[in-house]
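What follows draws every value from the coordinates through simple rules; no lab data is involved. Not measured: the values here are computed from a predicted model. Heads up, the Cβs are rebuilt from the backbone with ideal geometry, glycines too, and the neighbour counts pull from every protein chain shown.
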Amino acid sequence: MRLATLALLIATAWAAGPGAEVVEHHGRWESGYGAQFYNVVGRLRNTSGHALRYVKLRIEVLDDHGKVVASTETYNESAEALAVPDVDAKALLASGKVKPLAAGAEERFRGSFLKEETPRLTEYRVKVVDTPAAK
């Protein structure tokens, strides 16, 4: 029981970062458009006390031994376009098209792993990695 409590505390601490925390998340295998993928969805909360430009998260999938076998970075829902490879993130942010996340506000996030590109996984974890203040 103590080990399970410790593991939960570590997972919760891993999910929180400076300025934001992951409130809830879940993952499952899904299929669509002829592909299978592991989809992780959840909600995050701005805990910074001020508006944030965006919240960047890292989702890692782990094998049976707890080794990271794949990872992806994603953003809160209003800033998802920042994850698109061909998008000029600086220009997008400068344009004002990315809505800041107000202090205390919650938003959804999502990230996916294609089955054909992802080794066998047994669990995943989500971490907040960047939370710049809105200008």
**Request:** Grab the Cα-Cα distance for ALA81 and TRP29, subtract it from 0.36 nm times how many residues apart they are, and report the gain in nm with one decimal.
**Result:** 16.4 nm
**Burial ranking of peptide ranges 100-107, 119-126 (average Cβ count within 10 Å, highest at the top)** = 100-107, 119-126
**Request:** Could you pull out which residues in the stretch 49-92 have an amide N less than 12 Å from a spot 7 Å beyond the Cα of LYS135, following the Cα-Cβ vector?
**Result:** 53, 90-92
**Prompt:** Pulled fully out, how much extra length does the chain show between ALA94 and LEU62, if you take 0.36 nm times their separation in residues and subtract their Cα-Cα distance?
**Reply:** 7.9 nm
**Request:** Mind telling me which of SER78, SER48, SER95 comes out most flexible in a GNM of the chain, alpha-carbon contacts under 10 Å?
**Result:** SER95
**Request:** Please give the calculated 222 nm ellipticity per residue for the chain, where each DSSP H segment of at least 4 residues contributes -39500 (n - 2.57) and the sum is spread over every residue; nearest 500 deg cm²/dmol?
**Result:** -4500 deg cm²/dmol
**Item:** Electrostatic dipole magnitude of the chain [Cβ: Lys, Arg +1; Asp, Glu -1; Cα centre; debye, to 20]
**Value:** 360
**Prompt:** When TYR33, TYR54, TYR38 are ordered from fewest to most other Cβ atoms inside 10 Å of their Cβ, what list results?
**Reply:** TYR33, TYR38, TYR54
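Relative contact order (percent) for the stretch 2-130, with alpha-carbon contacts under 8 angstrom and 6 or more residues of separation?
36
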**Request:** Describe numerically, in nm with one decimal, the distance between label points set 7 Å from Cα along Cα→Cβ at GLN36 and at LYS115.
**Result:** 0.2
**Fill in**
In degrees rounded to 10, the 0-90 angle between helix 2-15 Cα long axis and the longest Cα principal axis of the chain is 30
